[in-house]
1. What are the residues in the stretch 63-96 that are in contact with a helix residue (DSSP H, G or I) (Cβ under 9 Å, 6 or more places away or on another chain) and in a loop (DSSP other than H, G, I, E, B), if any?
2. Given the structure, is residue 182 more than 24 Å from residue 29 (Cβ to Cβ) and either surrounded by fewer than 22 Cβ atoms within 10 Å (Cβ to Cβ) or modelled with pLDDT of 95 or more (or both)?
3. With within 20 Å of the chain's Cα centre (by Cα) and under 30 Å from residue 263 (Cα atoms) as the only criterion, which of 99, 130 stands out?
4. Would you call residue 106 over 16 Å from the mean Cα position of the chain (by Cα) and at pLDDT 95 or above?
5. Counting just the residues of the stretch 150-163 that are over 21 Å from the mean Cα position of the chain (by Cα) and in a loop (DSSP other than H, G, I, E, B), which one comes out surrounded by the most Cβ atoms within 10 Å (Cβ to Cβ)?
6. Applying the selection to the stretch 108-146, what residues are more than 15 Å from residue 24 (Cβ to Cβ) and part of a loop (DSSP other than H, G, I, E, B)?
7. Regarding the stretch 179-199, can at least one residue be identified that is under 15 Å from the mean Cα position of the chain (by Cα), in contact (Cβ under 8 Å) with a residue 24 or more places away in the chain and within 15 Å of residue 122 (Cα to Cα)?
8. I need a count of the residues in the stretch 166-179 that are buried (at least 17 other Cβ atoms within 10 Å of the Cβ) and farther than 17 Å from residue 143 by Cβ.
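The values are calculated or read from the model by the stated rules, or taken from the named source; none is laboratory data. Since we're looking at a predicted model, the values are computed, not measured. Every residue, glycine as well, gets a Cβ built from its backbone with ideal geometry; the counts of neighbours run over all protein chains shown.
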(Lines give C-alpha, C1' and ligand atoms only; values in the text may rest on other atoms or scores of the structure.)
Protein backbone atom coordinates (compact mmCIF):
# COMPACT_ATOMS: atom_id res chain seq x y z
CA UNK A 1 0.00 0.00 0.00
CA UNK A 2 1.27 3.42 -0.95
CA UNK A 3 -0.08 6.31 1.11
CA UNK A 4 -1.02 9.16 -1.20
CA UNK A 5 -3.99 11.25 -0.12
CA UNK A 6 -6.14 11.80 2.94
CA UNK A 7 -9.92 11.93 2.58
CA UNK A 8 -12.32 12.85 5.38
CA UNK A 9 -16.03 12.00 5.26
CA UNK A 10 -18.90 11.50 7.66
CA UNK A 11 -22.34 9.90 7.64
CA UNK A 12 -25.19 9.90 10.12
CA UNK A 13 -27.47 6.95 10.89
CA UNK A 14 -30.72 7.13 12.87
CA UNK A 15 -29.64 4.58 15.47
CA UNK A 16 -27.30 4.32 18.43
CA UNK A 17 -24.00 2.52 17.92
CA UNK A 18 -23.97 -1.13 19.02
CA UNK A 19 -20.75 -2.35 20.62
CA UNK A 20 -20.79 -5.60 18.57
CA UNK A 21 -21.24 -4.04 15.13
CA UNK A 22 -17.55 -4.37 14.22
CA UNK A 23 -16.75 -7.41 16.34
CA UNK A 24 -17.28 -9.93 13.53
CA UNK A 25 -14.59 -8.22 11.45
CA UNK A 26 -11.94 -8.94 14.09
CA UNK A 27 -10.37 -12.36 14.34
CA UNK A 28 -9.43 -11.94 17.96
CA UNK A 29 -9.14 -8.77 20.02
CA UNK A 30 -5.58 -8.23 18.79
CA UNK A 31 -6.20 -8.84 15.08
CA UNK A 32 -3.15 -7.17 13.48
CA UNK A 33 -5.26 -5.82 10.59
CA UNK A 34 -8.00 -4.04 12.55
CA UNK A 35 -8.30 -2.42 15.97
CA UNK A 36 -11.67 -1.63 17.54
CA UNK A 37 -12.14 0.51 20.62
CA UNK A 38 -15.03 2.08 22.49
CA UNK A 39 -15.19 5.13 20.25
CA UNK A 40 -13.21 4.28 17.14
CA UNK A 41 -11.53 1.76 14.88
CA UNK A 42 -8.52 1.55 12.60
CA UNK A 43 -8.76 -0.89 9.70
CA UNK A 44 -6.13 -1.83 7.12
CA UNK A 45 -7.13 -2.22 3.48
CA UNK A 46 -5.06 -2.96 0.40
CA UNK A 47 -5.41 0.60 -0.86
CA UNK A 48 -5.74 2.62 2.35
CA UNK A 49 -5.92 2.88 6.11
CA UNK A 50 -9.36 3.71 7.52
CA UNK A 51 -9.84 5.49 10.84
CA UNK A 52 -13.44 5.78 12.05
CA UNK A 53 -14.71 7.60 15.13
CA UNK A 54 -18.32 7.76 16.24
CA UNK A 55 -20.56 9.68 18.57
CA UNK A 56 -24.19 9.00 19.49
CA UNK A 57 -26.51 11.81 20.47
CA UNK A 58 -30.25 11.40 21.10
CA UNK A 59 -30.42 8.07 19.28
CA UNK A 60 -28.49 9.22 16.20
CA UNK A 61 -24.90 8.21 15.49
CA UNK A 62 -22.42 10.21 13.45
CA UNK A 63 -19.48 8.28 12.00
CA UNK A 64 -16.47 10.35 10.93
CA UNK A 65 -13.83 8.62 8.84
CA UNK A 66 -10.38 9.45 7.55
CA UNK A 67 -8.97 7.33 4.72
CA UNK A 68 -5.26 7.62 4.07
CA UNK A 69 -4.09 6.05 0.84
CA UNK A 70 -5.69 5.66 -2.56
CA UNK A 71 -9.28 4.60 -1.87
CA UNK A 72 -11.46 5.15 -4.94
CA UNK A 73 -14.80 5.23 -3.15
CA UNK A 74 -14.37 6.25 0.50
CA UNK A 75 -18.11 6.76 1.08
CA UNK A 76 -18.84 3.21 -0.04
CA UNK A 77 -16.14 1.91 2.34
CA UNK A 78 -17.59 3.78 5.32
CA UNK A 79 -21.21 2.84 4.52
CA UNK A 80 -20.16 -0.81 4.34
CA UNK A 81 -18.28 -0.72 7.62
CA UNK A 82 -21.17 0.80 9.56
CA UNK A 83 -23.76 -1.48 7.97
CA UNK A 84 -25.73 1.25 6.28
CA UNK A 85 -26.44 -1.06 3.32
CA UNK A 86 -28.81 -3.27 5.32
CA UNK A 87 -32.46 -2.35 5.91
CA UNK A 88 -34.09 -3.70 9.04
CA UNK A 89 -36.78 -6.39 8.61
CA UNK A 90 -40.35 -5.18 8.91
CA UNK A 91 -41.95 -8.54 9.74
CA UNK A 92 -42.73 -8.83 13.45
CA UNK A 93 -41.58 -11.95 15.28
CA UNK A 94 -44.13 -14.27 16.88
CA UNK A 95 -41.59 -15.81 19.27
CA UNK A 96 -40.99 -14.02 22.60
CA UNK A 97 -37.27 -14.88 22.74
CA UNK A 98 -36.69 -13.44 19.28
CA UNK A 99 -38.81 -10.38 20.03
CA UNK A 100 -36.92 -9.71 23.25
CA UNK A 101 -33.45 -10.23 21.70
CA UNK A 102 -34.22 -8.05 18.69
CA UNK A 103 -35.59 -5.34 20.94
CA UNK A 104 -32.51 -5.28 23.15
CA UNK A 105 -30.08 -5.34 20.22
CA UNK A 106 -32.09 -3.43 17.64
CA UNK A 107 -29.12 -1.11 17.02
CA UNK A 108 -26.84 -3.97 15.93
CA UNK A 109 -25.62 -3.54 12.37
CA UNK A 110 -23.94 -6.09 10.11
CA UNK A 111 -20.60 -4.60 9.08
CA UNK A 112 -19.07 -5.25 5.66
CA UNK A 113 -15.30 -5.14 5.29
CA UNK A 114 -15.39 -5.22 1.49
CA UNK A 115 -12.44 -7.64 1.54
CA UNK A 116 -13.67 -10.99 0.14
CA UNK A 117 -10.22 -12.60 -0.13
CA UNK A 118 -9.19 -11.70 3.41
CA UNK A 119 -12.51 -12.81 4.87
CA UNK A 120 -12.24 -16.10 2.98
CA UNK A 121 -8.79 -16.78 4.40
CA UNK A 122 -9.97 -15.91 7.92
CA UNK A 123 -12.90 -18.29 7.50
CA UNK A 124 -10.60 -21.15 6.51
CA UNK A 125 -8.34 -20.48 9.47
CA UNK A 126 -11.37 -20.68 11.76
CA UNK A 127 -12.42 -24.14 10.58
CA UNK A 128 -12.87 -26.73 13.34
CA UNK A 129 -10.78 -24.95 15.96
CA UNK A 130 -11.52 -22.62 18.86
CA UNK A 131 -11.80 -18.88 18.32
CA UNK A 132 -8.72 -18.40 20.50
CA UNK A 133 -6.57 -20.69 18.34
CA UNK A 134 -7.92 -19.15 15.14
CA UNK A 135 -6.94 -15.68 16.36
CA UNK A 136 -3.42 -16.85 17.17
CA UNK A 137 -2.97 -18.53 13.79
CA UNK A 138 -4.27 -15.53 11.86
CA UNK A 139 -1.92 -13.25 13.77
CA UNK A 140 1.05 -15.53 13.04
CA UNK A 141 0.16 -15.67 9.34
CA UNK A 142 -0.09 -11.89 9.03
CA UNK A 143 3.09 -11.18 10.97
CA UNK A 144 5.07 -13.83 9.05
CA UNK A 145 4.05 -12.64 5.58
CA UNK A 146 3.44 -8.87 5.91
CA UNK A 147 5.13 -5.73 7.11
CA UNK A 148 4.06 -3.27 9.82
CA UNK A 149 2.09 -0.31 8.49
CA UNK A 150 4.27 2.82 8.63
CA UNK A 151 3.06 5.34 11.23
CA UNK A 152 0.76 2.72 12.78
CA UNK A 153 3.36 0.46 14.35
CA UNK A 154 2.42 1.58 17.91
CA UNK A 155 -1.02 0.07 17.24
CA UNK A 156 0.52 -3.22 16.11
CA UNK A 157 -1.05 -2.92 12.67
CA UNK A 158 0.29 -4.90 9.71
CA UNK A 159 -0.42 -4.74 6.00
CA UNK A 160 -2.84 -7.33 4.62
CA UNK A 161 -1.23 -10.56 3.37
CA UNK A 162 -0.23 -10.53 -0.28
CA UNK A 163 -1.88 -13.52 -2.02
CA UNK A 164 1.22 -13.92 -4.22
CA UNK A 165 3.25 -14.60 -1.08
CA UNK A 166 0.69 -17.01 0.36
CA UNK A 167 0.68 -19.05 -2.85
CA UNK A 168 4.40 -19.69 -2.45
CA UNK A 169 4.33 -20.72 1.21
CA UNK A 170 5.28 -24.33 1.83
CA UNK A 171 3.46 -26.71 4.15
CA UNK A 172 6.24 -26.38 6.73
CA UNK A 173 5.70 -22.60 6.89
CA UNK A 174 1.99 -23.05 7.57
CA UNK A 175 2.87 -25.81 10.04
CA UNK A 176 4.93 -23.36 12.09
CA UNK A 177 1.86 -21.12 12.33
CA UNK A 178 -0.22 -24.02 13.64
CA UNK A 179 -2.08 -24.50 10.34
CA UNK A 180 -2.18 -28.10 9.14
CA UNK A 181 -1.84 -29.19 5.52
CA UNK A 182 -5.57 -29.43 4.77
CA UNK A 183 -6.32 -25.80 5.64
CA UNK A 184 -3.00 -24.66 4.15
CA UNK A 185 -3.97 -26.23 0.83
CA UNK A 186 -7.31 -24.40 0.84
CA UNK A 187 -5.66 -21.06 1.68
CA UNK A 188 -3.21 -21.51 -1.19
CA UNK A 189 -6.05 -22.25 -3.62
CA UNK A 190 -7.81 -19.06 -2.57
CA UNK A 191 -4.55 -17.12 -2.79
CA UNK A 192 -3.94 -18.47 -6.29
CA UNK A 193 -7.34 -17.17 -7.40
CA UNK A 194 -6.62 -13.79 -5.81
CA UNK A 195 -3.12 -13.58 -7.31
CA UNK A 196 -4.64 -14.13 -10.77
CA UNK A 197 -7.14 -11.35 -10.21
CA UNK A 198 -10.23 -13.50 -9.74
CA UNK A 199 -11.19 -11.72 -6.51
CA UNK A 200 -10.84 -8.24 -7.98
CA UNK A 201 -14.37 -8.06 -9.40
CA UNK A 202 -16.15 -9.89 -6.58
CA UNK A 203 -18.63 -7.34 -5.28
CA UNK A 204 -21.46 -9.54 -4.05
CA UNK A 205 -22.16 -12.71 -2.11
CA UNK A 206 -23.31 -14.49 -5.27
CA UNK A 207 -20.06 -13.79 -7.10
CA UNK A 208 -17.99 -15.02 -4.17
CA UNK A 209 -19.97 -18.25 -3.94
CA UNK A 210 -19.62 -18.91 -7.68
CA UNK A 211 -15.94 -17.98 -7.88
CA UNK A 212 -14.92 -20.23 -4.95
CA UNK A 213 -17.18 -23.18 -5.80
CA UNK A 214 -14.29 -25.35 -6.98
CA UNK A 215 -11.99 -24.60 -4.02
CA UNK A 216 -11.64 -27.79 -1.98
CA UNK A 217 -12.08 -27.33 1.75
CA UNK A 218 -14.13 -24.15 1.30
CA UNK A 219 -17.59 -25.42 2.15
CA UNK A 220 -20.94 -23.91 3.20
CA UNK A 221 -19.76 -22.81 6.66
CA UNK A 222 -16.67 -21.02 5.34
CA UNK A 223 -18.60 -19.39 2.51
CA UNK A 224 -21.26 -18.09 4.88
CA UNK A 225 -18.64 -16.60 7.21
CA UNK A 226 -16.80 -15.01 4.28
CA UNK A 227 -19.84 -13.44 2.60
CA UNK A 228 -21.27 -12.37 5.94
CA UNK A 229 -18.16 -10.41 6.85
CA UNK A 230 -17.12 -9.25 3.38
CA UNK A 231 -20.53 -7.99 2.26
CA UNK A 232 -22.50 -7.69 5.48
CA UNK A 233 -25.04 -10.28 4.38
CA UNK A 234 -27.63 -10.44 7.22
CA UNK A 235 -28.83 -13.85 6.00
CA UNK A 236 -25.40 -15.54 5.83
CA UNK A 237 -26.17 -18.26 8.39
CA UNK A 238 -23.08 -20.48 9.03
CA UNK A 239 -24.53 -23.97 8.61
CA UNK A 240 -22.30 -26.50 10.36
CA UNK A 241 -21.19 -24.22 13.16
CA UNK A 242 -20.49 -25.98 16.48
CA UNK A 243 -22.45 -23.47 18.60
CA UNK A 244 -25.15 -21.71 16.58
CA UNK A 245 -27.52 -24.66 16.24
CA UNK A 246 -27.45 -25.15 20.02
CA UNK A 247 -27.95 -21.45 20.68
CA UNK A 248 -31.02 -21.32 18.43
CA UNK A 249 -32.43 -24.56 19.88
CA UNK A 250 -31.98 -23.34 23.46
CA UNK A 251 -33.45 -19.92 22.76
CA UNK A 252 -36.47 -21.06 20.76
CA UNK A 253 -37.31 -24.55 22.11
CA UNK A 254 -35.52 -24.66 25.48
CA UNK A 255 -33.63 -27.76 24.33
CA UNK A 256 -29.86 -27.54 24.96
CA UNK A 257 -28.89 -29.35 21.76
CA UNK A 258 -30.10 -28.99 18.21
CA UNK A 259 -29.19 -29.89 14.63
CA UNK A 260 -28.52 -27.75 11.59
CA UNK A 261 -31.77 -28.98 10.05
CA UNK A 262 -33.73 -27.93 13.14
CA UNK A 263 -32.00 -24.57 13.24
CA UNK A 264 -32.82 -23.92 9.59
CA UNK A 265 -36.48 -24.79 10.17
CA UNK A 266 -36.74 -22.63 13.29
CA UNK A 267 -35.22 -19.64 11.51
CA UNK A 268 -37.26 -20.04 8.33
CA UNK A 269 -39.72 -17.26 9.35
CA UNK A 270 -36.74 -14.87 9.44
CA UNK A 271 -35.41 -15.67 5.97
CA UNK A 272 -33.30 -12.79 4.74
CA UNK A 273 -32.24 -11.91 8.28
CA UNK A 274 -31.29 -15.26 9.80
CA UNK A 275 -27.70 -14.30 10.63
CA UNK A 276 -28.73 -11.02 12.21
CA UNK A 277 -31.41 -12.76 14.31
CA UNK A 278 -28.93 -15.47 15.36
CA UNK A 279 -26.39 -12.86 16.46
CA UNK A 280 -29.05 -11.10 18.53
CA UNK A 281 -30.05 -14.42 20.13
CA UNK A 282 -26.43 -15.35 20.90
CA UNK A 283 -26.01 -12.20 22.99
CA UNK A 284 -28.98 -13.22 25.16
CA UNK A 285 -28.81 -17.03 25.26
CA UNK A 286 -26.06 -19.58 25.79
CA UNK A 287 -26.85 -23.28 25.64
CA UNK A 288 -25.65 -25.33 28.66
CA UNK A 289 -22.38 -27.19 28.26
CA UNK A 290 -22.40 -30.93 28.96
CA UNK A 291 -18.94 -31.88 27.76
CA UNK A 292 -15.34 -30.85 28.29
CA UNK A 293 -14.07 -27.81 26.48
CA UNK A 294 -12.65 -28.82 23.13
CA UNK A 295 -8.87 -29.16 23.15
CA UNK A 296 -6.85 -28.55 20.01
CA UNK A 297 -3.37 -29.95 19.59
CA UNK A 298 -0.65 -27.50 18.60
CA UNK A 299 0.87 -29.09 15.50
CA UNK A 300 3.90 -26.81 15.78
CA UNK A 301 5.31 -29.11 18.46
CA UNK A 302 4.56 -32.35 16.60
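1. 71, 84, 85, 86, 88, 89, 91, 92, 93, 94, 95
2. Judged against the criteria, residue 182 is a match.
3. 130
4. So residue 106 does not fit the description; no.
5. The selected residue is 152.
6. 127, 128, 129, 130, 146
7. no
8. Count: 1.
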